[in-house]
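To start, the structure itself, in structure tokens.
The values are calculated or read from the model by the stated rules, or taken from the named source; none is laboratory data. Everything numeric in this text was worked out from a predicted model, so none of it was measured. With ideal geometry, Cβ positions are generated from the backbone for all residues, glycine too; neighbour counts draw on all protein chains shown.
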Amino acid sequence: MPKNEEKFSGLNKKLVLLGIMSYVPGLLKVLRKGKGALGTGGTNDSRYCYTVWLRHLTNLYNCGMHNHPETVVEIGPGDSLGVGLCALLTGAKKFYAFDIIEHSNLKKNLAVFDDLIKLVKNQNDIPDQAEFPAVSPTLDNYSFPQFLKGLTISDEKIDNIRNAITKGVSGDIEIKYVLPGRDSYDLFIDSVDLIYSQAVFEHIEDLESIYKNTYSSLKHGGYSSHSIDFSAHNIHKIWNGHWYISEKLWKIIMHGASYSINRKPFSYHLDLIQKNNFNLLFTNSRKREGFDSKDDLNPSVKRLIKPEIDFDVTDTFVVLKK
């Protein structure tokens, strides 16, 4: 068990300093100059996209989704649309990327797509924990899924996906970014077969709206799968050390961060899943020893924590059904 004094000593002081400096007008931009546009993870890596999609798809199949989803939504796709492109290669026809801004670019998407074609056509094994140790969910078997063994991809479909990356629509393939303020989520009510996300929900403040909109967008019998990381994201050396940071210091750290972290624990998500009438079909949680004292938690976190559920769950993967 981590020692109590580590609640302070384990704090990443560089991120605190970065947060302080971010209040100086223009300084944060200068410090990040030369690093390129802010990225969102590994989604410009084709093998990462391949493993994320096939891990989700394998678990969904095991939970009863035996018809390949035709209309697929990803919440927060990141640096490229690679995971969604993999979904299209394995049978989907429409892919919608829900995000606050368009992170991806045409050149990157086309490069990832070319790599994904080879991986899917060759039916390569799913990259495992040795290659991607931090990726959730884990699998018992990383062989190419047996239920996809008969998959064939026509040249016409490949051409349609490639053209849709550029034009948005080609043949029966559609690819579109959906942005708040520009697009209405009401257009998707009862129309989506699958909604998924990968390490995104921990960055969303308004989770109540996300779960509500996810449920309303799914068709009756539609599925939803989400990998959620509850850890400190390098802010603290102990996985749940960020729960003990004061509100004032947390505000400083978040001001200098590329992306916010909501500090919502596993039980908070379980409550929203139940509140929105989802059927919880499967959970795959990874556990690690962390701080387990409720007394000195940040007050805003303390009111959410259920010790018997939250103190050892560092991340989880859930499969839901409407």
Quick one: count up the residues across segment 134-148 that are surrounded by fewer than 13 Cβ atoms within 10 Å (Cβ to Cβ) and either modelled with pLDDT under 95 or touching a Lys or Arg at 6+ places or on another chain (Cβ under 6 Å) (or both).
-> 1
For segment 73-86, state whether one or more residues are in contact with a Lys or Arg (Cβ under 8 Å, 6 or more places away or on another chain) and either over 29 Å from PHE282 (Cβ atoms) or at pLDDT 95 or above (or both).
-> no
Return the only residue of SER258, SER300 being among the hydroxyl-bearing types (Ser, Thr, Tyr) and assigned to a loop (DSSP other than H, G, I, E, B).
-> SER258
Do you know which residues across segment 98-108 are closer than 14 Å to ILE175 by Cβ and within 18 Å of the chain's Cα centre (by Cα)?
-> PHE98, ASP99, GLU102, SER104
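Looking only at segment 221-248, how many residues end up being among the small types (Gly, Ala, Ser) and not in a loop (DSSP other than H, G, I, E, B)? Break it down into steps so the answer makes sense when it comes.
To start, the set of residues in segment 221-248 that are among the small types (Gly, Ala, Ser) comprises 221-222, 224-225, 227, 231-232, 241, 246.
Remaining after also requiring not in a loop (DSSP other than H, G, I, E, B): 221-222, 224-225, 227, 241.
Adding up the residues that qualify gives 6.
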The condition of being more than 21 Å from the chain's Cα centre (by Cα) and in contact (Cβ under 8 Å) with a residue 60 or more places away in the chain holds, among PHE95, PHE147, PHE132, only for PHE147
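Quick one: would you say ASP79 is buried (at least 18 other Cβ atoms within 10 Å of the Cβ) and of a type in the set (Asp, Glu)?
On the way: buried (at least 18 other Cβ atoms within 10 Å of the Cβ): yes; of a type in the set (Asp, Glu): yes.
It is true that ASP79 is buried (at least 18 other Cβ atoms within 10 Å of the Cβ) and of a type in the set (Asp, Glu).
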Assuming SER260 fulfils every condition listed in (1) at pLDDT 95 or above; (2) farther than 25 Å from THR138 by Cβ; (3) within 16 Å of the chain's Cα centre (by Cα) apart from one, which condition is it?
-> (1)
Can you name the number of the only condition in (1) more than 15 Å from the chain's Cα centre (by Cα); (2) buried (at least 22 other Cβ atoms within 10 Å of the Cβ); (3) over 18 Å from ILE161 (Cα atoms); (4) of a type in the set (D, E, K, R) that ASP125 fails?
-> (2)
